[in-house]
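Undergrad: Sharing a structure below in C-alpha cells format, with a few things to ask.
Computed from the coordinates by the stated procedures, all read-outs in this text should not be read as laboratory data. These numbers come from a predicted model, not from an experiment. We place every Cβ from the backbone using ideal geometry, glycine too, and count neighbours over all the protein chains shown.
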Amino acid sequence: MSRYVIGVDVGGTFTDVFFLDQETGEVLTAKSPSTRGDQSKGFLTGIGMGVEDFTQIGTIIHGTTVGTNALLERKGARAGIITTEGFRDVLEMRRRDRPTTWGLRGSFEPVVDRPDRREVPERVLADGTIHTRIDLEAVTAEAKALADSGCESVCVFFINGYANAENEAKAVEAVRSIWPNDHVTAATEILPEIREFERLSTATLNAYLQPVVSSYLERLQDGLATKSFGGQVLIVQSNGGVMTVDTAKAMPVRTALSGPAAGVIAASEIAKAAGFPNIITCDMGGTSFDVSLVAEGEAALTAQTAIDFGMVVRTPMIEITTIGAGGGSIAWLDKSGLLQVGPESAGSDPGPVCYGLGATRPTVTDANLVLGRINADRPIGGALDRLDTDAARAAIQRDIGEGLGLSAEDAAEAILRVANAKMAGAIRLVSIERGHEPARFAAMPFGGGGALHTGALIRDVGLGSAIVPRFPGVTSALGCVVADMRHDRVQTVNRLLTDLDAAATGAEMTAKADEMETLLDEAGVPFAGIERRFEFDMLYLGQTHTVSAMIEWNGDLTQDAIKTAFEAAYKTTYGRLLDGIPIRVMNYRVAVTGKRPALDMAVFAPPTGEDPQEATRPVYVNGGWQDARVLQRLALPEGASIPGPAVLEQPDTTIFIDPGLTGRVDKFGNLIIEEV
Amino acid sequence: MSLDSVTLAVLKGRFEQIADEMDATLFRSAFNPIIAEAHDASHGIYDAETGETLVQGKSGLPIFVGVMAFGVKAVIDKAAGNVSEGDCWIFNDPYDGGTHLSDFRLVKPVMRDGKVFCWLASVGHWHDVGGNVPGNYNPAATECFQEGMLIPPVKLFDRGEYKQDVVDILSANSRLPLSLYGDLNGQINALDLGFQRMESILAEYGDDVIHEALMALKARAATLMCAEISDLPDGTVSAEDWLDNDGIKDEPLKIALDLTIDGDRMVMDFSRSSPACAGPVNISRSTTIAACYVALKHVFNDVPANAGVLEPVEFRIDPDSLLSATAPKPVGGYTETILRMIDVVFQAVAQLAPEQAMACAYGTINALSLAGHRANGQRWVMFSFFGGGHGAHGAGDGLNHGNAPISTATIPPLEILEAAYPVRFTQWALRPDSGGDGEYRGGLGAVYEIELLEQEARVALFGERGRYAPQGVVGGDEGAKNHFAFEQDHGWEEPPMSSKMVGIQITKGQRVRLETPGGGGYGQAKQRSKAAIEADRQKGYIS
C-alpha cells in the first residue's frame, strides 16, 4: 500500500508538498499556509490536500526548519552542561573572537547560562591517558541539580574526550539512569573530533534543540498515526541526505540546515536530468541571497558553519554561502555618495515601498517594479492586491536619483547593477575562487525573486546559462523526495603517518561503514545502490589546518596509499608539496549513502496546445524603454523559444529574459536561458 | 575615461575578494599557529609609487593595514626603480616596515608595460626568528640584536628565479626552520594567487579603469573620514595612559595624546609622551601611525580600510619619543605600546562623542612562551597570546574574552596545544570581578592555568596592565589588572616587574597562572540597572 511518496518542506510562510504517485507516475504539488507554533498542523493539512487516504502513503520525507528557527530565534530548550572541572566557560569563551573586525561593540550570549554549566572531577590527557577518574557521585548530584532547576536536556562534554571517551561514557550512563527523559547528549557521540569549543558547541546545540525537535517530530508522528499512516517518515539532514526520525531525535543538530539542503538537492537532480551537471543554485528571498555549488552532480559540503556569532555547528553540511542581498534589501547612498545596497533589509513588513505598508526607503523589489520587470497588478504571494509603482519611483528618485544626478529609471537600474554585483560576488566566491570555471556552470534560481536577475548573473560572472525549474517555489519539497539517505562518521586519529597502523585503521573504517550500512538497511527504504566514501583529514607536521584526501583501497590499507592520496589533495589545494616534512593523520571520515531511485523528471513535461496569453509591457533596460513580451510561463510548450526582452509570469515567480538572451523550454518544463 | 560610481562599487567588491582570498590561502597552509589559528598575517594591494594601502583583506590583522604601507615603501626605496617582472622582496626590518622582527613581509610587483602597476604584499608572524628568547618576545632586550635576526629588503625571487641562498640564511637563524619554511611557502602561495587574480581583473577591465578605481576608493575613504571628523565638535581634548615599565627599568612610561578637531581635519599630538626607553616597548614612527589608524577605524568602522583614512589626520610625534624609535632600539614588545595608543584614542574620543565611545579593552597581548625538551630529547616551543575583556560601550556590556583590538586572532584550541606540547591546562575560565563597573560593565578577562607534564621548561612572559588597569569612559570604572604567577618548589611567585619576565624555570608538575584584565566600564556604576546587577551575580560574573 505504498502508492505515494511525499516530500514536505515547511518554510516561513508556506508549507509546500510534493506528491509522487508511484502507480501512475503522476505528480502533484500543494501549498498550505505554515502554522507557526506547531508546524505539524500545516504539515498534515498540506498532505491532506493531495491524499485523502493516508494508508496509501509509503514514505514521507520532510525538510524542516524547526531546528533552524529555534537556533536563529534562540528558542531552544533550557539545557545544562556537565563538564571537566576548570572548563565550564569553554562555551562562553569561544575561540576568543569577536563579531566584527572593526568596532568593539559586540556581545555574545551562550545558549546555556553559566549557572547551568556544572563541573565534575575528571581529566583525560591528550594521549588518551586517564589522569583523573570520573567522580560518578558528583556527576549524579550535578545532573539531579540541573534537572531540579528546570533543565530539559543536558550535554556531557569532557576535555580530550575525543582521545578516550571512557570517562564520558560512564558519566553519560549515570546521567541517563536518572534523567527524566531521553534528552542526554554525549559530546563524542555527536562529534569525536579534536577542538574542544567546536565539539562542545555542536553538542550543546544538539541538547538545546533536542526537546524542541523531538516533541515536534512526536506530534507529527501522532498526527500521522491518527490518520492511520503506516509508512516511514524520513528527515532531511543538513548534509543533503535523509535520516530516520529516531536518528533525528537523537541528533537534531543535523537538521540545522535541513530545509535549504533539500532545495539544493532538488536543484541538482533537476539540473542533472536536464543535462546540466554543474550548477550554482541561487535562492533569493526577502533579505538574503543563498548560493551553493553543485559540481558534476555533487553538492559541495562544508565541515563547519556558524549559525550566528559563536554558534558553531561542526557536522558535514551542504555549503551555503549567504549574503545580505534580497528583494527587500535597501538601497542608500553613503557619506561619500557611493551607492550601496543592503545589508539592511525592509523584510516583509513594512517591506518595499511599493507594498504601501508605510516603508519609505527604496529596495531592490522597488527597482524591479519601476523598471517594468514585475507586474504591478499581480504581486507574487497573493497577500497584496497591487503594487504602488509611483511610490516606488518617487522613493528611488528622492533617495538615489537626486544624489547621483540620475532619472528614477536610471537610478533603479543602478540599484540592480549594484545588487547584481553583490550576487555575482557570492557566486564568484563559490566558483572562480575555488578554481571552478564559471562558463561550465549554469545558474539555477529558485525562491521568489532569483529569476529576475539571472541574465545579469550570466553576464557578470560569465556563467554558461541559467536554468529555471518549472516550479521554483516547490523545489525544496521535491528535493525531499529525491534526497539520498546518508550517514557520516568522523574519528580523530592524531598520529604521524609513519606511526599509523594503516591496515588496522582501514579495517576500523570498513567496520564503521558496515555499521552505517546496517542503519540504512534498518530504515526499510528501497535504494538503487549504496556508496561508501572514505576520507582522511591530514596535514604536514606543524600545520594546524587539514586537507581532506579521499581514498579507496583493496585488501589492506597502506601508509603509501594514504600518503599518495594526501599529496594529490595537497597539491590541488596549495600547489607546492613540502617534501621531507612528516605527515600527520588528524581524522578519518566515513560516509555511507543509500542512493534513492531517481525521479523521472518527465513528470514536469510542459503541456501542448495551451495559449500562453501573450501581452506586452514596457521595460527599462540599458538606459531606455523597450516593449517586452509578457507570457504565461506554465502554458509554454516544449521547444518554445523566447528572445529577450521578455517577462514570463507564473504564480510563484517572475522570470526576466534580458535583451540578447533567449529562453527555451526543454522537455522537462525547465526554462533554459542562454546568450543568443 | 571616467569611471561611473556603479562600476566602482562593483570593483570594490572584487578587490576586497582578492585580498581576502590571499589571507585565506596563508591561514590554511601556514605552519605556525600564530598565523594559522591566530591570523597574525595580512595581505593587500598597494600604491605603485607611494606604497600606500589601497585595499586590505577583511580577515587580516588590523594593525598591518596601516603598517604595510611603510613596508612596501621600504621596498620601493630599496629597489630605486629597478623592478622587473617576477621579482619579490623579503624583509623584516621594523624600523622601515614597522612592528617587530617576527613579522616577515614579502612584497611583489604587478607590472604593466615594464612599469609597476601596483604592489601585492604579504606579512606573517613567524614562530621563531632567532634572538635570546624562543618566540622572540624578549622583555629583557636592550638592542634589536637580542630580539632576532634583522633582514633588510632583499630579493627572494629575482626575475622569477628563487634564491635558495636567502632561505638557507633565514633557516639557519631560526630554532624552528621547518615552521619557517612552511610559513614562507604559504606566503609565496598567497602572493602567487593574488597575482593571478590581479592579472585577470586587469585583463577584464583594462589598466585605466582599474587604476582609476583604486584611486577613487582611496579618495572615497578620505571623504568619508572627513565627514566623520566634521561630525565631532571642534576643540582639543587630552588623554593619558601608562605602560607598567619597559622590562629593564621599573618605571612607568607615559602615552599622552592631545587630540584637536578643526572642521574636517584632525591633529593627533603625542609630544607629551615619554622619551625612548631602554627596553623593547619602543615603536617606530610607522607603527605609531598604523596604531592610530586601527583606533580610528574602530571608532568610525564604516570608513573603508585604506590609506584615505589618514589623509585628513596630522601627526605630531617627537623624534626622541618612544613612539618614533630607530635602530637599534628594541621594539619586540610593540603590541603593548600600540594597545595603549588605542586606549588613549578611545579615551579622547569619549570626551568628544560619548555616544560613540568604547571603554578600553584588556590592553595586553600576554605573549607567553614555554619551551623545553621532551624526554626523547626533542625540542618544543609553545608560544601563544591570550585574551581578555572588551570595554563596555554606549549600547551594552563589553564582550567577555575577546581578542585584542589590533588583531582578529582566535586562540588555538587547548586540545590542539595539549596534543602538541607536554602541558595540561588545569583551568580555562572567565575571571569573575574583572570587568570594570559602570552603567555598562566591561567584559570579563580570563584565567588560564597550565601544568608542565614532562621534564623542565623555560618560561617567558611579555605582558602589561599589571600596574595600570584598563580605563573606563564616561564615568565608568577600570577593569581588573593583569596578574601572572608561577609555581616554584617553595610556592607561588610573581615577576618583580609585574607582567614581564624571562628565564623562569619550572619542573614537571609545576604550574603557571595567568589572570588577564577585563575591559573598562561605560557610564557611572550607580546608573546600572538592578536587573543587570542581579544577572551578573547569578552568573557569577561578580561575587
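Undergrad: How about A:LYS667: which lysines have a C-alpha closer than 18 Å to its C-alpha, ignoring those fewer than 8 places off in the same chain?
TA: Within reach: A:LYS272.
Undergrad: Which lysines have a Cα lying under 24 Å from the Cα of A:LYS422, excluding residues fewer than 8 positions away in the same chain?
TA: Here the lysines satisfying the reach criterion relative to A:LYS422 are A:LYS335, B:LYS12, B:LYS58, B:LYS218, B:LYS297.
Undergrad: Would you calculate the separation in nanometres between label points at A:ASP514 and A:ASP53, each defined as 7 Å from the Cα along the Cα-to-beta-carbon direction?
TA: Calculated label separation equals 4.4 nm.
Undergrad: Then there's this: With a cut-off of 18 Å, note down the residues of region B:425-441 whose backbone N falls inside the zone around a label point 7 Å from the Cα of B:SER543 toward its beta carbon.
TA: Counting only backbone N, you get B:427-437.
Undergrad: For region A:165-187 and region A:1-48, compute the distance between their C-alpha centroids and round to whole Å.
TA: Cα centroid to Cα centroid, the span is 37 Å.
Undergrad: Shifting gears a bit: In nanometres, what is the gap between the two model label sites at B:ASP4 and B:ARG112, each 7 Å from Cα along Cα-to-Cβ?
TA: About 2.1 nm separates the two model spin labels.
Undergrad: Moving to a separate point now. Would you give the gap between the C-alpha center of region B:312-388 and the C-alpha center of region B:71-105, rounded to a whole Å?
TA: 23 Å
Undergrad: How far, in nm, would the chain grow between A:HIS131 and A:ARG398 when pulled straight, counting 0.36 nm per residue and subtracting the alpha carbon separation?
TA: 89.2 nm
Undergrad: Looking at chain A, what % of its DSSP beta bridges pair antiparallel, to the nearest 5?
TA: Rounded to the nearest five, the antiparallel share is 70 percent.
Undergrad: Need the list of lysines near B:LYS329 for cross-linking: C-alpha distance under 19 angstrom, and skip anything on the same chain fewer than eight residues off.
TA: Filter leaves B:LYS249, B:LYS254, B:LYS500.
Undergrad: Okay, moving on. Run the numbers for A:GLU437 and A:ASP38: contour at 0.36 nm per residue of separation, minus the present Cα-Cα distance, in nm.
TA: Answer, rounded to one decimal: 139.2 nm.
Undergrad: Using amide H atoms built in the peptide plane, which far-off residues or other-chain residues are under 5 Å from A:PHE471 H to H?
TA: Amide H to amide H, under 5 Å and 5 or more residues apart or across chains, A:PHE471 pairs with nothing.
Undergrad: I'd like to compare B:295-305, B:440-450, B:145-155: which one has the highest average count of other Cβ atoms within 10 Å, and what's the full order after that?
TA: Details: B:295-305: 21.7, B:440-450: 29.5, B:145-155: 18.8.
Answer by packing, highest mean first, reads B:440-450, B:295-305, B:145-155.
Undergrad: To continue, here is another question. For chain A, which DSSP H helices look membrane-span-like by this rule: Cα extent along the axis of 15 Å or more and mean Kyte-Doolittle of at least 0.0?
TA: Those that pass (Cα extent of 15 Å or more, hydropathy at least 0.0) are A:136-148, A:258-273, A:408-430.
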